[in-house]
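The values are calculated or read from the model by the stated rules, or taken from the named source; none is laboratory data. Just so you know, these numbers come straight off a predicted model, no measurement behind them. Neighbour counts are summed over all protein chains in view; Cβ atoms, including those assigned to glycine, are modelled from backbone coordinates with ideal geometry.
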């Protein structure tokens, strides 16, 4: 498949730069710590379908990076590979400085991942969900209580700590999932459609928490969304994915300017994604999205 | 290797634990939440107890009168009680995977898999919690069998041994179910396979008749069926007259071997659910 010729390389990082970078990691020294995510030709195929096609991106430490794109563009697949849920078919990536294929275990120690679907357990209390994470991440017993409390307070859930999650609202569940993912203070948070299915008020609360998380802890965030408003509120840099590739990349302002005066991110989105894709999104993905939406409401 | 994180970044806390300490803690973490959930909503445990009651009270009582099953000096009801217990453990455990597929669809499995927890610890934690689910069935069948006049051994050592076997059997068949879940990945396919597997496993075992009356080919299959060893061990421990075919130690050993093998396979397959 040909790369759409609308790519604006001046907003992103020229691919040639990245390849040179990846070829000589030893010389990178301290500067490589500026990049929390670096991919090089990251590719994922499901049979004939190329879900992610030689993707090369970098995410700067302490920033929020948005992967935008229509359903089936390969955003979630990219994120799952970077979160070590499955290895790439081709290409490589470093997350928090570790190779996702050869050092998956080290990567996992430094990341938090909130899937699009509902990952908090409804039959446990909020505190129990957090306690599970604390134990799995090896947070020492002496620190567990204070970490759990801190995360609950940060997400505004302290009063509901001992309530069953099945009695939470969608927005509360999302914040609990964020609390779970930040408990071990990861360098990088992966958020797959963080506000999918939330009402505008709940969504605003999640945005505030995420911005505060970045400001207070310096957490880098890589999120996927097809909500332009969300990208505008959260991201310093966005990349628009289309058919598994980056169609455009840059700051939200730069991307808007590139399309024309007075353009919104919505305009940018439809300009670069050609209004959607005909294939790509799998039945399974659609099913999971629907489950996620219905459970969060 | 490039520098991973800022100095003093607290994210590398996992390093502070020893390897075995981390294993133990992770297994405990998983088993703990599973058991909390089970105790919070015990309806599943209650429905589990229904099946063995029907088998013992209806099937057992009728066959005790009419059947000519060669059970040696043991009466048929006493012969049947361990078989019914093992069978109810199998039937309840074999659908354990459904819950795991549900967790996969929700994203709970993905959340576990992106953590640095050992995959083997996640699987073992699940297996151990599933093992404890068998306890309720053991209590029900023991009590009911006593009530119906079966020749039950009530010595504490034998009771504990029986309970241990039930937990081991429950964990073994639940891990088997987890493997099927990793393999088929959808609930619809799982239901079909679960049904197809349970009946042959049940009938190709010594649960309701002794292996000695089976045709040669079926006897051969029964020898490789873990359920046979669960039933046999329970028969030795539960009822008087040393009614088991193999020594109890051998039954334990075979089940432990099967459990180890299945846990290893499940550990290998479990990450597939994160895809």
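Below, the figures for the structure above:
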| item | result |
| --- | --- |
| Total residues in the range A:55-74, condition surrounded by fewer than 24 Cβ atoms within 10 Å (Cβ to Cβ) and more than 22 Å from residue A:271 (Cβ to Cβ) | 5 |
| Odd one out for residue A:172, checked against (1) closer than 30 Å to residue A:56 by Cβ; (2) away from chain B (no Cβ under 12 Å) | (1) |
| Residue check, residue A:94 in contact with a strand residue (DSSP E or B) (Cβ under 6 Å, 6 or more places away or on another chain) and either surrounded by fewer than 20 Cβ atoms within 10 Å (Cβ to Cβ) or touching a residue at least 12 places away in the same chain (Cβ under 8 Å) (or both) | yes |
| Failed condition for residue B:250, given (1) modelled with pLDDT of 95 or more; (2) crowded, with 16+ Cβ neighbours inside 10 Å | (2) |
| Failed criterion for residue A:177 (all others in (1) within 14 Å of chain B (Cβ to nearest Cβ); (2) in a helix (DSSP H, G or I); (3) out of contact with any strand residue (DSSP E or B) (no Cβ under 8 Å at 6 or more places or on another chain) hold) | (3) |
| Matching option when the condition is surrounded by fewer than 24 Cβ atoms within 10 Å (Cβ to Cβ), part of a helix (DSSP H, G or I) and in contact with a helix residue (DSSP H, G or I) (Cβ under 6 Å, 6 or more places away or on another chain), among A:171, A:197, A:122, A:138 | A:171 |
| Single condition residue A:293 does not satisfy, out of (1) surrounded by 15 or more Cβ atoms within 10 Å (Cβ to Cβ); (2) within 14 Å of another protein chain (Cβ to nearest Cβ); (3) at pLDDT 90 or above; (4) out of contact with any helix residue (DSSP H, G or I) (no Cβ under 6 Å at 6 or more places or on another chain) | (3) |
| Residue A:193 away from every other protein chain (no Cβ under 14 Å), more than 30 Å from residue B:40 (Cα to Cα), touching a strand residue (DSSP E or B) at 6+ places or on another chain (Cβ under 9 Å) and in contact (Cβ under 8 Å) with a residue 60 or more places away in the chain | no |
| Filter result for residue B:150 (buried (at least 22 other Cβ atoms within 10 Å of the Cβ), on the phi < 0 side of the Ramachandran plot and not in a helix (DSSP H, G or I)) | yes |
| Any hit, the range A:251-271, residues being free of Cβ contacts under 8 Å to residues at least 60 places away in the same chain, more than 14 Å from chain B (Cβ to nearest Cβ), on the phi > 0 side of the Ramachandran plot and out of contact with any strand residue (DSSP E or B) (no Cβ under 8 Å at 6 or more places or on another chain) | yes |
| Scan of the range A:97-119 for residues that are part of a strand (DSSP E or B), out of contact with any helix residue (DSSP H, G or I) (no Cβ under 6 Å at 6 or more places or on another chain) and crowded, with 20+ Cβ neighbours inside 10 Å, ordered by number | A:111, A:113 |
| Filter result (more than 13 Å from every other protein chain (Cβ to nearest Cβ) and surrounded by fewer than 24 Cβ atoms within 10 Å (Cβ to Cβ)) within the range A:75-91 | A:90, A:91 |
| Helices (runs of 4 or more DSSP H) lying entirely in the range B:25-109 (those with 3 or more residues that are more than 10 Å from chain A (Cβ to nearest Cβ) and surrounded by 22 or more Cβ atoms within 10 Å (Cβ to Cβ)) | B:76-93, B:96-106 |
| Which numbered condition residue A:77 misses (of (1) touching a strand residue (DSSP E or B) at 6+ places or on another chain (Cβ under 9 Å); (2) assigned to a helix (DSSP H, G or I); (3) modelled with pLDDT of 95 or more) | (3) |
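Here's the yes/no breakdown for (1) surrounded by 16 or more Cβ atoms within 10 Å (Cβ to Cβ); (2) outside any helix (DSSP H, G or I):
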{"site": "B:178", "(1), (2)": "yes, no"}
{"site": "B:190", "(1), (2)": "yes, no"}
{"site": "B:196", "(1), (2)": "no, no"}
{"site": "B:205", "(1), (2)": "yes, yes"}
{"site": "B:222", "(1), (2)": "yes, no"}
{"site": "B:229", "(1), (2)": "yes, no"}
{"site": "B:243", "(1), (2)": "yes, yes"}
{"site": "B:260", "(1), (2)": "no, no"}
{"site": "B:270", "(1), (2)": "yes, no"}
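Yes or no, residue by residue, for (1) within 22 Å of residue A:216 (Cα to Cα); (2) more than 8 Å from every other protein chain (Cβ to nearest Cβ); (3) at pLDDT 95 or above:
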residue	(1), (2), (3)
A:73	no, yes, no
A:94	no, no, yes
A:113	yes, no, yes
A:116	no, no, no
A:135	no, no, yes
